[in-house]
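As structure tokens, the structure follows; a few thoughts come after it.
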Amino acid sequence: MSTGSGADSAPAPNSHDDTVSDDATATSPGPAPAVAAGPAATPRKGTFSSLRIRNYRLFATGQMVSNTGTWMQRIAQDWLVLSLTGSSTAVGITTALQFLPMLLFGLYGGVIADRFAKRKLLLFTQSAMGVTGLALAALTLSGQVQVWHVYLVAFVLGLVTVLDNPARQAFVSEMVGQDELRNAVSLNSANFQSARLIGPAVAGVLITAFGSGWAFLLNGLSFIAPLTGLLMMRTAELHKVDRVPRSKGQLREGLRYVSGRPDLIWPIVLVGFIGTFGFNFPIWLTAFVHHVYHQGAGTYSLFNGLMAAGSLIGALLAARRASSRLRLVVGAAMLFGVLEIAAALAPSFWIFAMLLVLIGTVGLTINVTANSSIQMATDPAMRGRVMSLFMMVFVGGTPLGAPLVGWITDTFGPRIGFMAGGAVSLAAAVLIGLILARVGGLRLKIDLRRGRRHLAFVPRDPATEPSGERDLTPAA
């Protein structure tokens, strides 16, 4: 969840008028323009620097509790559907229904987030999410649950998420301001992944001992924590962001803004491909547990916990970085695809398990780096719409990818399904990396001599830039 002072009311340093990404310095062909000397490197801050802010501490504490409940419900929901149907495709359909509203209505959620007070929106959305958990708990504990009930609850949860996601993403800058934004985005991910370590473990115990219903009940009750945190915030300490008045064409305005910014559009396209085809872990992990290793819910929780441990490492490393580089997003996406292919071919249980840790680290690096670089490069008045587009392509592609990946997994086996997701992620990363280099007038230089930088992007025409090297980094 997230809110914003005077720093946020001015255009962001990377607003469209005065900043061009080093990755994508031109939208038309031709020599790369010379790059002016930038400001001194941003000093490295403490890993937990944004937690000094009271409102953000309240937010983070509430989110830690509700995120733990959310992960409990995710594990219980996937396992319940697999138990009711025995089908990976059914798990994929459940995932697809939960994210279908984001695909259909995600951009409108961003428009609403820019128009209204985000704290009030979050009070509504967090309450509604708690109700969905309690409803599924009542159905399951009463013994009346059927798979269509799970489908319906997943779809309703997705509708609420359409508002919750952009409001929560944009609210961060209102709580911490521009200076701490990158750190707070990284800590949000660390928070989520820490809960991912606890939630699946608790869910595994509850499912094995008592059934899925108790996990749903605890998730519903967990939303009391973020609601309490929101109500306790000091609204006078939030950074002021002028709300966008209602007018025609706001959705088209947001799309035009993004389409004219290569440093925004191409990272969004990349995370769209990876989110659609590379992040279908509920399908793959349930299939590996059930059909490859012939284990139960405890092993499924273990696999999720290992991925969470890797993701937590990735989030904490991201919190220490002083900048968010687009070349890091592209490189991590390539490595992510390679690791998924390697995991699909893993010859033993423990090699597969250890690769999940690495996949978690690299996957989180992609998400946090893309998220923070896009937020830092966006005008605050556009942030809700831009972040809704980011979330729409990242999770909204799941309704398209999950059923397809589920069908491949059911038809050709878990290993082929996992390998297919990794191959698409790798191909997308390579293609978009080449596009960013071309748009920026760059080429890859390889120098294997000792003491030299072995890989670097340099201008196609070295005369345009005496230094001979440039970073794939958005100015922030």
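The values are calculated or read from the model by the stated rules, or taken from the named source; none is laboratory data. Note that the coordinates shown come from a computational prediction; the quantities given were computed from them, not determined experimentally. Cβ coordinates were reconstructed from backbone atoms using ideal geometry, including for glycine residues, and neighbour counts include every protein chain displayed.
I need the full set of residues from the stretch 212-245 which are under 24 Å from PHE105 (Cβ atoms), surrounded by 11 or more Cβ atoms within 10 Å (Cβ to Cβ) and at pLDDT below 90, in order please.
If the condition is that a residue be under 24 Å from PHE105 (Cβ atoms), surrounded by 11 or more Cβ atoms within 10 Å (Cβ to Cβ) and at pLDDT below 90, then VAL241, ARG243, VAL244 are the ones that fit.
Collect the residues in the stretch 374-419 that are of a type in the set (Gly, Ala, Ser), crowded, with 22+ Cβ neighbours inside 10 Å and either at positive phi or part of a helix (DSSP H, G or I) (or both), keeping them in residue-number order.
GLY384, SER388, GLY401, ALA402, GLY406, GLY417
Report those helices (runs of 4 or more DSSP H) wholly inside the stretch 130-237 carrying at least 3 residues which are among the small types (Gly, Ala, Ser).
Answer list for the stretch 130-237: 147-176, 181-209, 213-222.
How many residues does the stretch 142-197 hold that are of a type in the set (Gly, Ala, Ser), crowded, with 23+ Cβ neighbours inside 10 Å and closer than 17 Å to ARG52 by Cα?
4
Taking the options THR140, THR132, name whichever one is closer than 25 Å to ASN304 by Cα, of a type in the set (Ser, Thr, Tyr), touching a His at 6+ places or on another chain (Cβ under 9 Å) and modelled with pLDDT of 85 or more. Step through it out loud before you land on a result.
Working: THR132 fails: touching a His at 6+ places or on another chain (Cβ under 9 Å).
The unique qualifying residue is THR140.
Please work out which one of (1) outside any helix (DSSP H, G or I); (2) touching a Ser or Thr at 6+ places or on another chain (Cβ under 6 Å) is the condition ALA346 fails and give its number.
The single condition ALA346 does not satisfy is (2).
Filter the stretch 278-296 for residues that are more than 13 Å from the chain's Cα centre (by Cα), more than 17 Å from ALA90 (Cα to Cα) and assigned to a helix (DSSP H, G or I) and give the result.
The one that is more than 13 Å from the chain's Cα centre (by Cα), more than 17 Å from ALA90 (Cα to Cα) and assigned to a helix (DSSP H, G or I): VAL292.
Kindly indicate whether any position in the stretch 130-140 is under 20 Å from the mean Cα position of the chain (by Cα) and of a type in the set (A, V, I, L, M, F, W, C).
Initial filter on the stretch 130-140 (under 20 Å from the mean Cα position of the chain (by Cα)): none.
The answer is no; no qualifying residue exists.
Which residue out of THR70, THR89 is more than 16 Å from the chain's Cα centre (by Cα) and in a helix (DSSP H, G or I)?
On the way: THR70 fails: more than 16 Å from the chain's Cα centre (by Cα).
So the residue among THR70, THR89 that is more than 16 Å from the chain's Cα centre (by Cα) and in a helix (DSSP H, G or I) is THR89.
On the basis of being within 26 Å of ARG383 (Cβ to Cβ), at pLDDT below 85 and of a type in the set (A, V, I, L, M), does ALA41 make the cut? Can you show your working first?
Values: within 26 Å of ARG383 (Cβ to Cβ): yes; at pLDDT below 85: yes; of a type in the set (A, V, I, L, M): yes.
Judged against the criteria, ALA41 is a match.
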